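Taking it in order: structure first as structure tokens, then the write-up.
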Amino acid sequence: MWEVLVITDRTVLANLPVIVQHYKKEKTCLLIDIDIPYDSNINTQKTEKLSSYKDLEIEVSRAWRARKNTCANYSWSIRNN
């Protein structure tokens with residue numbers, strides 16, 4: 001799924017990851033978020049994104065009965081020259 005709102009039983013503030021891969025046979029789920037922060041913000045942005053999607057990871061695991069969930073954040077930096 002691409003930029004689809006993830007519906008859960010409980011309210012989760014960060015429920016719009018960029019890509020959601022749900023493998024029903026393996027009972028796994030992959031939540032992918034992509035962002036492009038400035039060079040100085042890359043570490044803080046990555047930490048904030050991963051921690052904000054932790055609640056969504058727990059809710060998806062419970063709702064979709066997934067055994068393993070992975071939340072990935074891909075960051076590319078922009079340099080102002």
Give a quick list of trypsin sites (Lys or Arg not before Pro) in the stretch 35-65 that DSSP marks as loop, anything other than H, G, I, E or B, with at most 16 other Cβ atoms within 10 Å. 65
Scan the chain and report its longest stretch carrying no GluC sites (Glu not before Pro) that are both in a DSSP loop and have at most 11 other Cβ atoms within 10 Å. 27-81
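Of 35, 9, how do they rank once you tally other Cβ atoms within 10 Å and put the fewest first? Before the final figure, lay out each step's value.
Working: 35 15, 9 8.
By the 10 Å Cβ count, ascending, the order reads 9, 35.
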Only helices counted: for the chain, with every DSSP H run of 4 or more residues adding -39500 (n - 2.57) and the sum spread over all residues, [θ] at 222 nm is -7500 deg cm²/dmol
Relative contact order, percent, the chain [alpha-carbon distance under 8 Å, six or more residues apart]: 34
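Taking only pairs that are 8 or more places apart or on different chains, how many Lys pairs in the chain have Cα atoms under 20 angstrom apart? Don't skip to the answer; put the middle values down first.
Numbers: 24/68; 25/68; 27/54; 27/68; 46/54; 49/68; 54/68.
Close lysine pairs found across the chain: 7.
With the cut-off at 1.5 for a/c, could you classify the stretch 21-75 from its C-alpha gyration tensor as rounded, prolate or oblate? Provide the component values of the computation, followed by the final result.
Working: a/c = 4.28, a/b = 2.39, b/c = 1.79.
It is prolate, given that a/c is not under 1.5 and a/b is the larger ratio.
How high is the FRET efficiency between residue 76 and residue 26 when r is their beta carbon distance and R₀ equals 30 Å, given to the nearest 0.05? Spell out each step's value before the answer.
Details: r = 29 Å, r/R0 = 0.96.
Efficiency at R0 = 30 Å is approximately 0.55.
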If the chain between residue 48 and residue 36 were fully stretched, how many nm would it gain, using 0.36 nm times the residue separation less the Cα-Cα distance? 3.0 nm
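Counting only DSSP beta bridges with both residues in the chain, tell me the antiparallel percent, nearest 5.
Values: 6 of 15 bridges.
In the chain, DSSP labels about 40 percent of beta bridges as antiparallel.
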Just to confirm the number: angle between the C-alpha axis of helix 42-52 and the first principal axis of the chain, 0 to 90 degrees, nearest 10? 20
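Read-outs throughout are calculated quantities, based only on the coordinates presented, and are distinct from any laboratory measurement. What you see is a predicted model; the values in this text were computed from it and never measured. A quick note on method: Cβ atoms are made from the backbone with ideal geometry, for glycine too, and the neighbour counts reach across all protein chains shown.
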